[in-house]
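Below you'll find the structure, written out as structure tokens, and then a few comments.
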2 protein chains.
Amino acid sequence: MSDTVKYVLSEADMPKVWYNIMADLPRPMPPVLHPGTGKPVGPADLAPLFPMEIIKQEVATEREIAIPEPVRDIYRQWRPSPLYRARRLERALDTPARIYYKYEGVSPAGSHKPNTAVPQAFYNKQEGVKRITTETGAGQWGSSLAFAGALFGIQVDVYMVKVSYNQKPYRRALMETYGARCVASPSEETQSGRAVLAQNPNSTGSLGIAISEAVEMAAQRDDTKYALGSVLNHVLMHQSIIGLETMKQLEQSGDDPDIIVGCTGGGSNFAGIAFPFLGQQLRGGRTRRIVAVEPAACPSLTRGKYAYDFGDTGHLTPLVKMHTLGSTFVPPGFHAGGLRYHGMAPQVSFLKELGLLEAVAYKQTEVFAAGVMFARAEGILPAPEANHAVKGAIEEALKAKAEGKAKVILFNLCGHGHFDMQAYIDYFGGKLKDLDYDEAELAMALAGLPSVAAE
Amino acid sequence: MSDTVKYVLSEADMPKVWYNIMADLPRPMPPVLHPGTGKPVGPADLAPLFPMEIIKQEVATEREIAIPEPVRDIYRQWRPSPLYRARRLERALDTPARIYYKYEGVSPAGSHKPNTAVPQAFYNKQEGVKRITTETGAGQWGSSLAFAGALFGIQVDVYMVKVSYNQKPYRRALMETYGARCVASPSEETQSGRAVLAQNPNSTGSLGIAISEAVEMAAQRDDTKYALGSVLNHVLMHQSIIGLETMKQLEQSGDDPDIIVGCTGGGSNFAGIAFPFLGQQLRGGRTRRIVAVEPAACPSLTRGKYAYDFGDTGHLTPLVKMHTLGSTFVPPGFHAGGLRYHGMAPQVSFLKELGLLEAVAYKQTEVFAAGVMFARAEGILPAPEANHAVKGAIEEALKAKAEGKAKVILFNLCGHGHFDMQAYIDYFGGKLKDLDYDEAELAMALAGLPSVAAE
């Protein structure tokens, strides 16, 4: 039997709609609140930051939302992405489980992020926006938005967490090659940035600070809007194309997943693969185990509190109810920048509270060991973030082996690691430590949650 | 009309044979000579270095050679690769030309090199070889062979040019993640390496020296063979899958290329896209312009001599007739390591001598300007080597515009540049200079060609 089993879809079979899980939730989600008034925010509150079409999608309750043709046109460059059966990995694990992975590293930016960068750039372009601001940590999101901006002719300004700006010049160069402007955050360009620098001139920044800077710049200018690469409802919905394609591809295989695994930072790639399947279940379909894998050093789903919190450090964003470690929590500097966020997507958090999905946390050395095993078996070198999903899938495959059950396991390989080789060098050099967060700092950050959380 | 026009092939349409241009040459190529005797080499001379199946392919004259099923099985992971119409680039150039590019960056190693790494690893495995030695410059080839070695369970030892070993730790880490062993060349492991170090302890190495080391190690051990990533006939034949797929994809478009462009270092990706079309012409089909683009700083086709020369610096290889700058020629350190070789594939050289293809050389700043324009238009960031093909295609498109002719231009985008971002940083920082080779050094290297060249 063939070792490479790849399930492809024709362009004609590429989904024409995104899936919106809001339509299938058993009860409504807690509203997003205005931090000043404590009242639910309305479209007018968000209008300075987002184009109206994005705001509509953020609150939409229709099950399906059409993917505009200009977005489908760009998706076609790398989509439908392949689904693989990981036969060599199964053999290396000697497991009876059948392991499938969807591979999103085939996009020009190397990850799933363009799935939402492209529609966000499109809707901004359609509404005459000239410039989009955003933040980026490791750089996956910033380079994806830079890519989308180049194709639609929109200027992109990326506030890049300073430690990454200095340590990841290659990611920065990718953004600049696409024509984007990268600014080390905290910067002198914004009040938020200046406030941080006044307190600590040597601040190396955080995602929360960079979000504050990008939001502030967008709010100030009429021709400028803001874009977020994860967390929000519309972002998770754009990523649903991952799961929708996977469903069609699995039909070809004849298999149906018992377990679905994804890594979670803000939650978007995980939601992308899992929500279309979860939606089936919510409409009366089969129950599957859905497993979110997060880093032990930034464990919002497994150790955070489900509470109202700000999305940023400067407290410029609305309040959302989510699993959070507190907006002042700064995780240690482990090698999966895309998973270093204090909060979690409200939709993912809500479904976790409803008991509809599980969460598990792993330490980084075991996560990299899984990634290296995967690379040698399957020939694809995963991003550090994706290694978390690999680890989760391998653990499930080993459980299946112990139980002697031929479980079907599906996971999302959300990106390649070609820009993250320093992490592999550190891993092989024995320099990768199992960093832990500071318990006292976490307690303090949780104690500082906004008071609306108690309501 | 759609901006993204992608031509895909089903797996069933993936070629089942490679194309061997030897069958269609108008007259036989000059033989490969033994450096000691000056007589043509036979299979027995090559047996210490290559498995017998590879040696047979090196001298084969059949037009088609079947691709073994285990090789097709691995090819399927990323093949058939996409062919795109570059509509956004056409618009940016305001050209009536229709530009198509085949994209080989979708392989797990990011370039066309796995097309030959996989069959070479397979034939070695089949003949019981335990270890393969090879050389690598920029690292594209070394990481591709490391990938193939991992999938077939063969140890790969890569002699990596020392300057790259030190400057490109990320490429090295990719090879090591796949399980390969990387050695900085010149090394103390071989006589060739020790001889170089005795003369110059600070030698930063060259591809020619690394080839000598890899060949020497393979010749010494029964369980070890050698693999070369370009230049040789069997390598060029393995790459023919690029052009064969492209032909089927172009049938879908209804277009037929007037001009075919590829970049040339050793010649394999260029031959891969061009030879299947050239073969049609040699069998009485349509004449097309076929353009090889090389770096002005290492201009073997445009400034080299068509003569017998060694493939390596240590003079351990047989003598082949090719366009060469002399085996002692060391090109300046420009940013396209894959094109820094003193010679050229004998087949490409022979066809150039027959007037069946053209060659042109460009300087590196104009080549990078072309690459940045391409990235912003098409969203894919090319490898520095591939930028040469982009530049060649853009020049042809501008000529078509000047002439007001709707020419059809096809080029091979042989790899992505995600491991080459330092070159883009240098380009944007104004640090990229149009390095030139030393005319006196070239004259001396050419004067030192082996005497058989005069025969």
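As a rough footprinting exposure proxy, the listed residues A:Ser327, A:Ser2 were ranked by other beta carbons within 10 Å of their own, and the order from fewest upward is A:Ser2, A:Ser327. Remark: mean inter-chain Cβ contacts per residue of A:169-181 equal 5, using a 10 Å Cβ-Cβ cutoff to other protein chain atoms. Pairs A:Lys56/A:Lys125; A:Lys6/B:Lys6; B:Lys6/B:Lys248; B:Lys248/B:Lys321: which are spaced more than 22 Å apart, C-alpha to C-alpha? Correct reply: B:Lys248/B:Lys321. Anisotropy class assigned to segment B:132-277 is prolate, per the alpha carbon gyration tensor with a/c at or over the 1.5 cut-off and a/b larger than b/c.
Placing a label point 7 Å from Cα along the Cα-to-Cβ axis, B:Gly42 is separated from the same position in the other copies by 9.3 nm, shortest listed first.
Between A:Asp436 and A:Asp256, the contour length at 0.36 nm per residue exceeds the Cα-Cα span by 61.1 nm. Each Lys or Arg adds one and each Asp or Glu subtracts one; over the other residues with Cβ under 15 Å from the Cβ of B:Gly142, this totals +2.
Across chain B, the relative contact order, built from alpha-carbon pairs under 8 Å that are at least six residues apart, equals 19 percent.
Between B:Lys405 and B:Ser2, residue separation times 0.36 nm minus the direct Cα-Cα distance comes to 142.9 nm. Pairs exceeding a 23 Å alpha-carbon distance, out of A:Lys363/A:Lys431; B:Lys363/B:Lys431; B:Lys102/B:Lys391; A:Lys363/A:Lys399; A:Lys16/A:Lys102; A:Lys431/B:Lys113: A:Lys431/B:Lys113. Taking the empirical scaling 2.2 N^0.38 Å for compact globular proteins as reference, segment B:309-382 has a Cα radius of gyration ratio of 1.39.
In the protein assembly as shown, taking the dipole from charged Cβ atoms about the Cα centre, the farthest positive-side position among B:Ala214, A:Pro28, B:Gly36 is held by A:Pro28. With just the Cα atoms defining each centre, how far is segment B:430-453 from segment B:379-423? Give it in Å. Taking the Cα centre of each part, segment B:430-453 and segment B:379-423 sit 26 Å apart.
Taken along the Cα-to-beta-carbon direction at a fixed 7 Å, the label points for A:Arg283 and A:Gln155 span 4.4 nm. Rounded, prolate or oblate: which fits segment A:307-444 when a ≥ b ≥ c are the square roots of the eigenvalues of the alpha-carbon gyration tensor, with rounded for a/c under 1.5 and prolate only if a/b beats b/c? Taking the square roots of the gyration eigenvalues as a ≥ b ≥ c, segment A:307-444 is oblate. Chain A residue nearest the rotation axis toward B, with distance: A:His418, 2 (Cβ to axis, whole Å). Basic side chains Lys and Arg get +1 at the Cβ, acidic Asp and Glu get -1 at the Cβ, and with that the dipole of segment A:189-243 about its Cα centre reaches some 100 debye.
Hydrodynamic radius of the protein assembly as shown by the Kirkwood approach over all distinct alpha-carbon pairs: 28.3 Å. Where does the protein assembly as shown land at 222 nm, in deg cm²/dmol rounded to the nearest 500, when only DSSP H runs of n ≥ 4 count, each adding -39500 (n - 2.57), divided by all residues? Estimated from H runs of four or more residues: -12500 deg cm²/dmol. With respect to chain B, whose longest principal axis is taken over its alpha-carbon atoms, helix B:268-282 is tilted by about 60°. Residue order for B:His323, A:His112, B:His335, fewest other beta carbons within 10 angstrom first, comes to B:His335, B:His323, A:His112. For B:Leu446, the shell of other residues with beta-carbons less than 14 Å away shows a net charge of -2, using +1 for Lys and Arg and -1 for Asp and Glu.
Ascending distances from the A:Lys16 label point to its copies in the other chains, with the point 7 Å along the Cα-to-beta-carbon line: 3.6 nm. Using only side-chain charges placed at the Cβ, +1 for Lys and Arg and -1 for Asp and Glu, the dipole size of the protein assembly as shown relative to its Cα centre rounds to 840 debye. Each peptide in A:400-411, A:372-383, B:68-79 was scored by the mean count of other Cβ atoms within 10 Å over its residues; highest first, the order is A:372-383, B:68-79, A:400-411. Using a 7 Å projection from Cα along Cα-to-Cβ, the label point at A:Gln167 is separated from the same position in the remaining copies by 2.6 nm, smallest value first. Each of A:Val320, A:Gly343, A:Gly272 was placed along the dipole of chain A (beta-carbon charges, centred on the mean Cα), and the one lying farthest toward the positive end is A:Gly272. When A:Arg289, B:Arg88 are arranged by Cβ crowding within 10 Å, least crowded first, meaning fewest neighbours, the order is A:Arg289, B:Arg88.
Neighbours of A:Thr302 by Cβ distance under 10 Å: Lys/Arg scored +1, Asp/Glu scored -1, total 0. Calculated on the alpha-carbon coordinates, the convex hull of chain B measures out at 135 cubic angstrom per residue.
Report, in degrees rounded to the nearest 10, the 0 to 90 angle that the Cα long axis of helix A:114-126 makes with the longest principal axis of chain A. Rounded to the nearest ten degrees, it is 40. Given a Förster radius of 51 Å and the C-beta distance between B:Lys56 and B:Asp94 as r, what FRET efficiency does 1/(1 + (r/R0)^6) yield to the nearest 0.05? With a Förster radius of 51 Å, E is 0.50. Taking the C-alpha atoms only, the angle from helix B:207-220 to the longest principal axis of chain B is near 50 degrees. Placing a pseudo-label 7 Å from each Cα along the Cα-to-Cβ vector at A:Gln126 and A:Ala195 gives an inter-label distance of 3.4 nm. Working from Cα pairs under 8 Å separated by at least six residues, relative contact order for segment B:190-273 is 27 percent. Magnitude of the charge dipole for chain B, about its Cα centre and with charges confined to Cβ atoms of Lys, Arg (+1) and Asp, Glu (-1), is about 740 debye. A prolate overall shape is assigned to segment B:1-129, the ratio a/c of its alpha-carbon gyration tensor axes (a ≥ b ≥ c) being 1.5 or greater and a/b exceeding b/c.
Read-outs throughout are calculated quantities, based only on the coordinates presented, and are distinct from any laboratory measurement. Quantities reported herein were computed from a predicted structural model and do not represent experimental measurements. Note that we place each Cβ from the backbone using ideal geometry, even for glycine, and neighbour counts take in every protein chain shown.
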